[in-house]
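Enquirer: Please read through the structure below; I'll follow up with questions.
The values are calculated or read from the model by the stated rules, or taken from the named source; none is laboratory data. As the structure is a computational prediction, the values presented were derived from the model and not from experiment. FYI the Cβ positions are ideal-geometry reconstructions off the backbone, even for glycines, and counts take in every protein chain you see.
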Amino acid sequence: MVKKYSVKELLNKEKLFINKKVLVEGWIRSFRYSIFITLNDGSTVKNLQIILSNKLEKKIIKKITIGSSIRVIGIVKKSIGTKQCIELQSLDIIIYESINTEILQKSILQPKKHSLEKLREQAHLRFRTNIFSCIMRIRHHIAFCIHKYFHEHGFFYLHTPIITTSNCEGTGKMFQITTMDFKSKTIDYKKDFFKCKTYLSVSGQLEAETASLGLGRVYTFGPVFRAENSNTSRHLSEFWMIEPEIAFYHLEENINLAEDFLKFIIKYIVENSMEDLVFLNQYLEKYNRKKDNFLLEKLELILKFPFKKISYTEAVKILDQEEKEKNIKFLHPIIWGMDLQSEHEQYLVDKYFKIPVIIFDYPCNIKAFYMRMNDDGKTVRAMDILFPEIGEIIGGSQREERYDILLQRMKDTNTDQNKLWWYLDTRRFGSVPHSGFGLGFDRLVQFITGMNNIRDVIPFPRTPNHAEF
Ligand code: 4AD
Ligand code: MG
């Protein structure tokens, strides 16, 4: 039996395989002069060159088309060409399925430039393109090193529920779930599956808090759902969020953890996904007119300097001053107490500091009920991390651990205490200061891969009007 290898295995240890008989399988990327096949199997962005035997029958050669899936047994040889170090001299070839040229012409496998929007329309073939497979491999490595980071820092992976009865963030709409049919006009939720109104969760935070107050350090990593009608390049209706929650932790420790965590991930990707990053870098230079080495320099910049840390009040002061002194006109007014808009965030990160910015101590009236009230009675111990190009990547806070103040905040924000009795209980049995944050996974993948649109970094994007595939 001839042993099967992936293209990556063969190309990574080229020298070991010279003159050995191997089996590889994959899809044809190109076929030239009826003799050279470039084969890709998804394991790497690189292709393996196959040299067909000149004894191959014409009827087989006819079936060899771009996109066809094949199995090849051959001998690995040192390549004479300059593009690759090794090639495979084929002894035996099986074509699993060849693609009819008419169908091929309508597909994104056709070797020419296709827009990323076009790729989204052919969900299954998208995975076979260089650009998307690079992004998906990087996405995997990011997820992997997130688990690695937490595991090595004493965190336990917690699975929080997807079905919930409450909106933890208090803002935005949720997707309702039900097994009832809505033919009748009066809906009695007591007759529904859970005997109450239920939704898809916007965050696992409240459950993560309850677990952290026993386990110490936990994190979630799962899908969350938001039914906001925000059709932007940074919003998905279903996205993945990582939410660490740490008992006995103050805001400063939370901020430091978040910065260390982001830097760890980016360093890991630079060290482990260089091949794919280099491909994306070239893609961005060619098609997005980005300057040379744009992507790699952008990632290095994150690692190089400490993030800038300023309070919300300081941020407002800077923006106000810039508007007055430099004659910059923002579309939205800068008034203390109002939420910062993306234009303000972008100005601070891309123009003013030119590095990631952490803003803390936001006004309480623009943040969720669970954030810890400061002594000034006006601001809460919130923190947002803003990144170049994409803006908010992390949102977090120290939590309100004092029962009475939390109860009052729930009343002030119209948060239903009856539904959250179990959450309130966490403040009645040895409550402690604790903190946590939420990292938007897809936004991070978007940042690392340099894509303009978040829909191009998730396998099956869910956005308003789009739930196909
Ligand atoms: O700031 P958010 O809403 O925070 C929370 O949900 C807290 N419960 C987190 C916590 O403290 N445990 O969301 C966190 C992050 C944002 O910073 C952003 O990166 C991302 O989630 N995010 C989205 N990503 C894609 N599409 C959307 N619609 C997103 N909304 C938020
Ligand atoms: Mg936020």
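Enquirer: Restricting to the range 394-409, count the residues that are away from ligand 1 (no atom under 15 Å from the Cβ) and touching a strand residue (DSSP E or B) at 6+ places or on another chain (Cβ under 6 Å).
Expert: 1
Enquirer: Which condition number does V349 fail, the rest of (1) assigned by TED's automatic domain parsing to the domain that holds L280; (2) within 16 Å of ligand 2 (Cβ to nearest atom) being met?
Expert: If we test V349 against (1) assigned by TED's automatic domain parsing to the domain that holds L280; (2) within 16 Å of ligand 2 (Cβ to nearest atom), just (1) comes out false.
Enquirer: Would you say D339 is in a loop (DSSP other than H, G, I, E, B), within 15 Å of ligand 2 (Cβ to nearest atom) and surrounded by fewer than 22 Cβ atoms within 10 Å (Cβ to Cβ)? Quick ask: steps written out before the conclusion?
Expert: Details: in a loop (DSSP other than H, G, I, E, B): yes; within 15 Å of ligand 2 (Cβ to nearest atom): yes; surrounded by fewer than 22 Cβ atoms within 10 Å (Cβ to Cβ): yes.
It is true that D339 is in a loop (DSSP other than H, G, I, E, B), within 15 Å of ligand 2 (Cβ to nearest atom) and surrounded by fewer than 22 Cβ atoms within 10 Å (Cβ to Cβ).
Enquirer: Any residue that is within 11 Å of ligand 1 (Cβ to nearest atom), of a type in the set (A, V, I, L, M, F, W, C), part of a strand (DSSP E or B) and touching a residue at least 24 places away in the same chain (Cβ under 8 Å) - is there at least one of those in the range 352-367?
Expert: No: zero hits.
Enquirer: Also, quick follow-up: Before we move on, is G438 closer than 22 Å to A247 by Cα and within 31 Å of the chain's Cα centre (by Cα)? Step through it out loud before you land on a result.
Expert: Details: closer than 22 Å to A247 by Cα: yes; within 31 Å of the chain's Cα centre (by Cα): yes.
So G438 passes the test.
Enquirer: Test E314 against the stated conditions and say whether it is in the same structural domain as I390 (by TED's automatic domain parsing), more than 16 Å from ligand 2 (Cβ to nearest atom) and at pLDDT 95 or above. Step through it out loud before you land on a result.
Expert: Details: in the same structural domain as I390 (by TED's automatic domain parsing): no; more than 16 Å from ligand 2 (Cβ to nearest atom): yes; at pLDDT 95 or above: yes.
Spelling it out, it is not the case that E314 is in the same structural domain as I390 (by TED's automatic domain parsing), more than 16 Å from ligand 2 (Cβ to nearest atom) and at pLDDT 95 or above.
Enquirer: Can you tell me how many residues within the range 211-239 are modelled with pLDDT of 95 or more, away from ligand 2 (no atom under 15 Å from the Cβ) and on the phi < 0 side of the Ramachandran plot?
Expert: Residues in the range 211-239 being modelled with pLDDT of 95 or more, away from ligand 2 (no atom under 15 Å from the Cβ) and on the phi < 0 side of the Ramachandran plot: 17 in total.
Per-residue answers, yes or no, for (1) out of contact with any Leu (no Cβ under 7 Å at 6 or more places or on another chain); (2) under 26 Å from K367 (Cβ atoms):
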{"site": "I162", "(1), (2)": "no, yes"}
{"site": "G172", "(1), (2)": "yes, yes"}
{"site": "D181", "(1), (2)": "yes, no"}
{"site": "Y189", "(1), (2)": "yes, no"}
{"site": "F193", "(1), (2)": "yes, no"}
{"site": "V202", "(1), (2)": "yes, yes"}
{"site": "V224", "(1), (2)": "yes, yes"}
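Enquirer: Could you say which residue among L236, L262, L213 is crowded, with 20+ Cβ neighbours inside 10 Å, in a loop (DSSP other than H, G, I, E, B) and either charged (D, E, K, R) or within 16 Å of ligand 1 (Cβ to nearest atom) (or both)? Spell out how you get there, then give the answer.
Expert: Working: L262 fails: in a loop (DSSP other than H, G, I, E, B); L213 fails: in a loop (DSSP other than H, G, I, E, B).
Selected residue: L236, the only one of L236, L262, L213 that is crowded, with 20+ Cβ neighbours inside 10 Å, in a loop (DSSP other than H, G, I, E, B) and either charged (D, E, K, R) or within 16 Å of ligand 1 (Cβ to nearest atom) (or both).
Enquirer: Of a type outside the set (V, I, T), more than 16 Å from ligand 2 (Cβ to nearest atom) and not assigned by TED's automatic domain parsing to the domain that holds I265: is that true of L158 in this structure? Give the derivation first.
Expert: Working: of a type outside the set (V, I, T): yes; more than 16 Å from ligand 2 (Cβ to nearest atom): yes; not assigned by TED's automatic domain parsing to the domain that holds I265: no.
When the stated conditions are applied, L158 does not pass them.
Enquirer: Report, by residue number, each residue of the range 392-404 that is more than 29 Å from Q341 (Cβ to Cβ) and touching a residue at least 24 places away in the same chain (Cβ under 8 Å).
Expert: Residues of the range 392-404 that are more than 29 Å from Q341 (Cβ to Cβ), as a first pass: 401-404.
Matches in the range 392-404: E401, R402, Y403.
Enquirer: So, one more: Tell me the helices (runs of 4 or more DSSP H) entirely within the range 374-458 that contain at least 2 residues that are within 16 Å of ligand 2 (Cβ to nearest atom) and more than 15 Å from Q205 (Cα to Cα). Before you say what the answer is, go through the steps one by one.
Expert: Working: elements: 403-412, 421-425, 441-449.
Those helices (runs of 4 or more DSSP H) span 441-449.
Enquirer: Can you give me the ranges of the strands (runs of 3 or more DSSP E) entirely in the range 1-115 with at least 1 residues that are of a type in the set (D, E, K, R) and more than 29 Å from I138 (Cα to Cα)? Steps first, please.
Expert: Working: elements: 21-32, 36-40, 48-51, 69-78, 86-97.
By residue number, 21-32, 69-78, 86-97.
Enquirer: Considering only the range 169-192, state which residues are among the hydrophobic types (A, V, I, L, M, F, W, C) and outside any loop (DSSP other than H, G, I, E, B). Before you say what the answer is, go through the steps one by one.
Expert: Initially, the range 169-192 is screened for residues among the hydrophobic types (A, V, I, L, M, F, W, C), giving 174-175, 177, 180, 182, 187.
Hit for the range 169-192 is I177, nothing else.
Enquirer: Then there is this: Quick check: is even one residue across the range 178-189 in contact with a strand residue (DSSP E or B) (Cβ under 9 Å, 6 or more places away or on another chain) and free of Cβ contacts under 8 Å to residues at least 60 places away in the same chain? Spell out how you get there, then give the answer.
Expert: Going through the range 178-189, the residues in contact with a strand residue (DSSP E or B) (Cβ under 9 Å, 6 or more places away or on another chain) turn out to be 178, 189.
The next check asks that each one be free of Cβ contacts under 8 Å to residues at least 60 places away in the same chain; those that pass are 178, 189.
Yes, the range 178-189 contains at least one residue that is in contact with a strand residue (DSSP E or B) (Cβ under 9 Å, 6 or more places away or on another chain) and free of Cβ contacts under 8 Å to residues at least 60 places away in the same chain.
Enquirer: Sticking with this one: Report, by residue number, each residue of the range 123-179 that is at pLDDT 95 or above, closer than 24 Å to A258 by Cα and hydroxyl-bearing (S, T, Y).
Expert: Correct list: Y149, Y157, T160.
Enquirer: What tally of residues in the range 161-171 results from selecting those that are over 21 Å from the mean Cα position of the chain (by Cα) and either away from ligand 2 (no atom under 16 Å from the Cβ) or not β-branched (V, I, T) (or both)? Break it down into steps so the answer makes sense when it comes.
Expert: We begin by selecting, within the range 161-171, every residue over 21 Å from the mean Cα position of the chain (by Cα); these are 163-168, 170-171.
Right, trim to either away from ligand 2 (no atom under 16 Å from the Cβ) or not β-branched (V, I, T) (or both) and you get 163-168, 170.
Of the residues in the range 161-171, 7 are over 21 Å from the mean Cα position of the chain (by Cα) and either away from ligand 2 (no atom under 16 Å from the Cβ) or not β-branched (V, I, T) (or both).
Enquirer: Right, H159: of a type outside the set (F, W, Y), in a loop (DSSP other than H, G, I, E, B) and over 23 Å from S431 (Cβ atoms) or not? Let's see the steps before the verdict.
Expert: Values: of a type outside the set (F, W, Y): yes; in a loop (DSSP other than H, G, I, E, B): yes; over 23 Å from S431 (Cβ atoms): yes.
For H159, the condition - of a type outside the set (F, W, Y), in a loop (DSSP other than H, G, I, E, B) and over 23 Å from S431 (Cβ atoms) - is met.
Enquirer: Is it the case, given these coordinates, that I454 is more than 21 Å from N167 (Cβ to Cβ), modelled with pLDDT of 95 or more and within 15 Å of ligand 1 (Cβ to nearest atom)? Let's see the steps before the verdict.
Expert: Values: more than 21 Å from N167 (Cβ to Cβ): yes; modelled with pLDDT of 95 or more: yes; within 15 Å of ligand 1 (Cβ to nearest atom): yes.
Spelling it out, I454 is indeed more than 21 Å from N167 (Cβ to Cβ), modelled with pLDDT of 95 or more and within 15 Å of ligand 1 (Cβ to nearest atom).
Enquirer: From the list C145, C196, C168, exactly one residue is out of contact with any strand residue (DSSP E or B) (no Cβ under 9 Å at 6 or more places or on another chain) and within 16 Å of ligand 1 (Cβ to nearest atom). Which is it? So that I can check it myself, show each step before the final result.
Expert: Numbers: C145 fails: within 16 Å of ligand 1 (Cβ to nearest atom); C196 fails: within 16 Å of ligand 1 (Cβ to nearest atom).
After applying the criteria, what remains is C168.
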